[in-house]
Amino acid sequence: MKFNYFLNPVLCLALTFGMVACSDDDDPKDPDESVDYGRNDMWGETLGGTNLNIKAYPDNFAYYWEYTFDNSSHNIGLRITGEFPLARFFNYNVYDDVSQTGLYSVDTNGNKTSLFNIEDADIVPDQGSVNPYATGSQVAGQKYTVYFVPEDASREYLAKDNVCLFASGLERVCVILRCYLPDPAPFSGVEMPTITAFDLTTGEDIELPERAHCGLLDIELPANSLMELPILMFFRAPDSQMYTNGPSEYTVTPGYLREGKVWIFNFMAPSYPSSFSEYASADMRYWSICLGDAETYTHVSLCDYETLVGDDGFATYVVADKGSDNYDTIKSLCAQNGYNLLTWDRASWGDGVMCLYRNMMFASTYAHSMRLCPALDVAAGSFVPSHMVLGDWGAYGLNIDESVFIGAYGMIPIDRSTSLQ
């Protein structure tokens, strides 16, 4: 059985999408509120990815915190001091909270480098400490300091270790701390980092501005962002808006799971670090699949270490409606064929589904980087599906009738030669 479908490139997809993070328990959990993790009054509440206060398509395995302040004086820098957590990954990003974007530099060839983030392995430790992510050995009690200053700050600040830059003149600045797969959750048992503010002119410490409302809670998906898709093509998401995580790349397919339908897609599964000693050298630190709704909430996530991978190296996923009369049969066929079942609740979450395939912090030598794919650009008419660039490493699949899936005992061939015409 062979399925060949074609999409007209005039899809007019005004697509934005979310960012975010992950956590190393067997199942995502809310934080243990009985534990005092210190200085939480400076940060927003501890948010696990399963918390439906979080928008922008978070990963359900995420834990993260934000500090947002009104920057009316345009003369404030931040200093954050903390202890390296022992987690799969952590980092800092700083954003314009109005546009939800970070600052980039662009070279003469048009290549972009993010200036708004710093990753765990790149953080220079305080004097007398070591960075366990750089050394690949688990060493507790190691300290660091990170600075957040505007791009036009004096050379004194720009020359410091561990500097994240935000655009000059921002009215509202947002710092987000992400922690992926911490052990134990939510922050590996270390105290929350301390935030202090200083005057950029005098260098003197000043009172920390009161936390302002963060736009992360107010995101809305633009109209017409979802499409009726007979085939599931994944496009590299643009790195604008929705608080994009600097070291992450995403490909997305925005569609509808209608009554009586099932999605099936796959890709060649990347490797991931199996121990802390591999974190600094791994091709990729983390990957996952997430399903979100039209309100930008994520309801389903499956991360790398939970994913079933076939003998051929492919991870195959099936998205099915839990309210379908055929759900139990589909579930059984998925178990029989070694597929990863992603259960969607159409009755509660609606037909609209945004599926995100997230790759996070991969080596520059990784041969199948999503950065090889041109980003989706609606205005320029650029619709290049990732599987046409990455081959087997690009996610791709079909939106078919449940009866077809069941009739083929779930063994649906996925023809990757399909292209836009």
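Some notes on this structure:
- Qualifying residue in the range 80-102 (condition: modelled with pLDDT of 95 or more, small (Gly, Ala, Ser) and surrounded by 22 or more Cβ atoms within 10 Å (Cβ to Cβ)): yes
- Residue match in the range 401-421 (condition: under 21 Å from Gly292 (Cα atoms) and hydrophobic (A, V, I, L, M, F, W, C)): no
- Restricting Ala134, Ala185 to residues that are more than 27 Å from Asp239 (Cα to Cα) and hydrophobic (A, V, I, L, M, F, W, C) narrows the list to Ala185.
- Identity of the residue in the range 369-416, closer than 30 Å to Gln336 by Cα and of a type in the set (S, T, N, Q), that ends up surrounded by the fewest Cβ atoms within 10 Å (Cβ to Cβ): Ser403
- Glu220 meets all of the listed conditions (1) at pLDDT 95 or above; (2) under 22 Å from the mean Cα position of the chain (by Cα); (3) open to solvent by 40 Å² or more (accessible area, probe 1.4 Å) but one, namely (1).
- Tally, over the range 392-421, of residues that are at pLDDT 95 or above and within 17 Å of Val252 (Cα to Cα): 8
- Within the range 255-282, the set of residues being in contact with a Lys or Arg (Cβ under 8 Å, 6 or more places away or on another chain) and either free of Cβ contacts under 8 Å to residues at least 40 places away in the same chain or open to solvent by 60 Å² or more (accessible area, probe 1.4 Å) (or both) comprises Glu259, Tyr272.
- When Leu165, Leu181, Leu170 are screened for being open to solvent by less than 10 Å² (accessible area, probe 1.4 Å), touching a strand residue (DSSP E or B) at 6+ places or on another chain (Cβ under 8 Å) and either among the charged types (D, E, K, R) or under 22 Å from Asn245 (Cα atoms) (or both), only Leu181 passes.
- Strands (runs of 3 or more DSSP E) wholly inside the range 311-415 that include at least 2 residues being over 23 Å from Pro247 (Cα atoms) and more than 21 Å from the chain's Cα centre (by Cα): 314-321, 396-401
- Residues in the range 283-312 that are surrounded by 20 or more Cβ atoms within 10 Å (Cβ to Cβ), at negative phi and touching a Gly at 6+ places or on another chain (Cβ under 9 Å): Cys290, Gly292, Asp293, Thr298, Ser301.
- Filter result (of a type outside the set (S, T, N, Q), closer than 20 Å to Ala56 by Cβ and touching a Pro at 6+ places or on another chain (Cβ under 9 Å)) within the range 358-377: Met360, Met361, Ala375, Leu376
- Residues of the range 184-201 satisfying the condition of being assigned to a loop (DSSP other than H, G, I, E, B) and open to solvent by 10 Å² or more (accessible area, probe 1.4 Å): Pro184, Ala185, Ser188, Gly189, Val190, Glu191, Leu200, Thr201
- Meets criteria (surrounded by 23 or more Cβ atoms within 10 Å (Cβ to Cβ) and under 24 Å from the mean Cα position of the chain (by Cα)) for Tyr243: yes
- Scanning the range 109-162 for residues that are among the acidic types (Asp, Glu), over 21 Å from Tyr95 (Cα atoms) and exposed (fewer than 15 other Cβ atoms within 10 Å of the Cβ) yields a single hit, Glu156.
- Residues that are of a type outside the set (Gly, Ala, Ser), farther than 20 Å from Asp126 by Cβ and part of a loop (DSSP other than H, G, I, E, B) within the range 61-84 comprise Phe61, Asn71, His74, Asn75, listed in sequence order.
- Qualifying positions in the range 323-366 - open to solvent by 30 Å² or more (accessible area, probe 1.4 Å), more than 30 Å from Glu249 (Cβ to Cβ) and hydrophobic (A, V, I, L, M, F, W, C): Ala335, Ala347
The values are calculated or read from the model by the stated rules, or taken from the named source; none is laboratory data. Quick caveat: nothing in here was measured; it's all calculated off a predicted structure. With ideal geometry, Cβ positions are generated from the backbone for all residues, glycine too; neighbour counts draw on all protein chains shown. Areas reflect the complete protein model, heavy atoms only, side chains present, ligands, DNA and RNA absent. Shrake-Rupley method; radii C 1.70, N 1.55, O 1.52, S 1.80 Å.
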